[in-house]
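Everything on this sheet refers to the single structure shown next.
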Amino acid sequence: MDFGYDARTLDLRKQLLTFMDERIYPAEAVYAEQVEAAAAAGKQWERVPVTADLKAEALSRGLWNLFLTGKSARAVAQFAPDLLPDPPLTNVQYAALAEITGWSPALAPEALNCAAPDTGNMEVLAEFGTPEQQDMWLRPLLEGRIRSAFCMTEPGVASSDATNIATTITLDGDSYVINGRKWWSSGAMSSDCKVFIVMGVGGDAEPDSRGHGRHSQILVPSDTPGVTVKRGMMVFGFNDGTHGGHAEVVFDNVRVPRANMIAGEGMGFAIAQARLGPGRIHHCMRQIGAAERALELMCRRVTSRVAFGKPLAEQGVIQDWIAESRVRIEQARLLVLKTAWLMDTVGNKGAHSEIQAIKIITPRMAQWVIDKAIQAHGAGGISQDFPLAHLWASARTLRFADGPDEVHKRSMARRELRKITG
């Protein structure tokens, strides 16, 4: 395994770092002001102007849709080659770039059209969508003209076991009728959200012999009658508009054409597995960047503050935090890069254990590093004057998103035990 940056990665890193310095970091204060002004006007979920400006600039610089790799990239190359890097990146190449965007998670991923949940939804449409579905939804998503939502988790069941999902998708003539309640539907609060991908079960909600084959995913335009976006969910007190919010959505006799079914009835879990693998590693790539930013902020803070007669940087406990942070970041990065390399060489299935491992360790690492940076900043660390509180909340949230830690540990433990028990 060789994780050295090749010439193309070095060139793209240089371009992206320049974009971050020239446009993204200066825009963070503007973004905060615009979000605050929109909220005061009762429009807290409106996409603020600075976001559109950054997207236009990133597109003009060729920093666009960098996340598309492997099978998804090959599918998009046949459908819309003009909207892809040429050639598409590998996962190892993208890891170096996604880490940089993690330094400013509220702005950089969306600016590059590399933000969840749109990334996963685009991969689903690229790999499983019909030509008609791709024309209607994939192209505008690739162009960054619209946003989308993914509706899987439900408030009425333990969604850590996705077989519990109770939303029904019932065939009725030439239509499917959808009934259910979702929450934490990422992207659904965005004013630009035009389509939901909804996961549900066949009309008979009782378990049957098909097991995972009971579930399907279907496209639901956001303006379909019967769709009600009830509220945005708070994330540790934040109105988290980073990815278009996380909504509670009610589907009350929502009727869509049969053509909106993705890949056919019973394909829901197969689609979910194809979608979640890349999504998990993208989150982890960005968390490395978030931890790096927190460490840099901690080092800057402790060299500029004096307590008990000497700079904070000379206090033994602070030095321990800094050293431990560096070790933990490097360990996590190496495992993320190994996982990316496996995805490139043996595919997502071959990297399944490693994808689960980084999903467990990387948010926990980032949470630890960011927590120490907050502590080093004193009360400022939990304020809006620094990005640390939001970075910490995001890292903590990822220990639920795309499956809780305990589910991944359970799966990994079973795989290890099978080595002994057969």
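Odds and ends about this structure:
- Residue within region 10-33 that is of a type in the set (S, T, N, Q), on the phi > 0 side of the Ramachandran plot and modelled with pLDDT of 95 or more present: no
- Any hit, region 217-225, residues being within 22 Å of the chain's Cα centre (by Cα), within 26 Å of GLU406 (Cβ to Cβ) and modelled with pLDDT of 95 or more: yes
Listed here are the residues, each with its yes/no results for (1) of a type in the set (A, V, I, L, M); (2) within 27 Å of the chain's Cα centre (by Cα); (3) modelled with pLDDT under 95.
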site: ASN260; (1), (2), (3): no, yes, no
site: PRO278; (1), (2), (3): no, yes, yes
site: GLN287; (1), (2), (3): no, yes, no
site: ARG293; (1), (2), (3): no, yes, no
site: ARG301; (1), (2), (3): no, no, no
site: ALA313; (1), (2), (3): yes, no, no
site: ARG326; (1), (2), (3): no, yes, no
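- When PRO85 is tested against the conditions (1) buried (at least 23 other Cβ atoms within 10 Å of the Cβ); (2) without any contact (Cβ under 8 Å) to a residue 24 or more places away in the chain, the lone failure is (1).
- Check on TRP321, aromatic (Phe, Trp, Tyr) and either within 22 Å of ALA95 (Cβ to Cβ) or assigned by TED's automatic domain parsing to the domain that holds THR101 (or both): no
- Of residues in region 307-363 being outside any helix (DSSP H, G or I) and without any contact (Cβ under 8 Å) to a residue 40 or more places away in the chain, the one farthest from THR397 (Cα to Cα): GLY309
- Criterion (among the β-branched types (Val, Ile, Thr) and touching a Phe, Trp or Tyr at 6+ places or on another chain (Cβ under 6 Å)) met by exactly one of THR119, THR168: THR119
- Reported count of residues in region 86-109, each being under 12 Å from ASN65 (Cβ atoms) and modelled with pLDDT of 95 or more, is 5.
- Picking from residues in region 334-370 that are charged (D, E, K, R) and touching a Gly at 6+ places or on another chain (Cβ under 9 Å), the one that is modelled with the lowest pLDDT is LYS349.
- Options GLN34, GLN15; residue that is closer than 24 Å to GLY232 by Cα and polar (S, T, N, Q): GLN34
- Annotation: PHE67 fulfils all but one of (1) under 19 Å from ILE197 (Cβ atoms); (2) modelled with pLDDT under 95; (3) among the hydrophobic types (A, V, I, L, M, F, W, C); the unmet one is (2).
- Some residue of region 372-388 being more than 30 Å from PHE150 (Cβ to Cβ) and basic (Lys, Arg): yes
- The lone criterion from (1) without any contact (Cβ under 8 Å) to a residue 40 or more places away in the chain; (2) out of contact with any strand residue (DSSP E or B) (no Cβ under 8 Å at 6 or more places or on another chain) left unmet by THR303 is number (2).
- Residue under evaluation MET261, criteria (1) surrounded by fewer than 23 Cβ atoms within 10 Å (Cβ to Cβ); (2) touching a Gly at 6+ places or on another chain (Cβ under 6 Å), criterion not met: (2)
- Test: GLY403 is closer than 24 Å to TRP184 by Cβ and either surrounded by 14 or more Cβ atoms within 10 Å (Cβ to Cβ) or touching a residue at least 12 places away in the same chain (Cβ under 8 Å) (or both): yes
- Hits in region 286-333 - residues which are out of contact with any Gly (no Cβ under 9 Å at 6 or more places or on another chain) and among the basic types (Lys, Arg): ARG300, LYS310, ARG326, ARG328, ARG333
- In region 169-195, the residues that are touching a residue at least 60 places away in the same chain (Cβ under 8 Å) and buried (at least 17 other Cβ atoms within 10 Å of the Cβ) form Cβ pairs under 6 Å with partners that are outside any strand (DSSP E or B) and acidic (Asp, Glu), at six or more places apart or across chains, as follows: LYS182/GLU154.
- Number of positions in region 367-422 that are over 20 Å from the mean Cα position of the chain (by Cα) and in a loop (DSSP other than H, G, I, E, B): 5
- Boolean, VAL336 is loosely packed, with under 13 Cβ neighbours inside 10 Å and β-branched (Val, Ile, Thr): no
- The residues on offer are LEU66, LEU16, and the sole one that is in contact with a Leu (Cβ under 6 Å, 6 or more places away or on another chain), under 17 Å from TRP341 (Cα atoms) and of a type in the set (A, V, I, L, M, F, W, C) is LEU66.
- The selection criterion, being closer than 30 Å to VAL50 by Cα and touching a residue at least 60 places away in the same chain (Cβ under 8 Å), holds for ALA149.
- Condition check for PHE269: closer than 29 Å to VAL50 by Cα and touching a helix residue (DSSP H, G or I) at 6+ places or on another chain (Cβ under 6 Å): no
The values are calculated or read from the model by the stated rules, or taken from the named source; none is laboratory data. The shown structure was predicted, so the numbers you read here are calculated from the model rather than taken from an experiment. Reconstructed Cβ throughout: ideal geometry from the backbone, glycine too, with neighbour counts over all protein chains shown.
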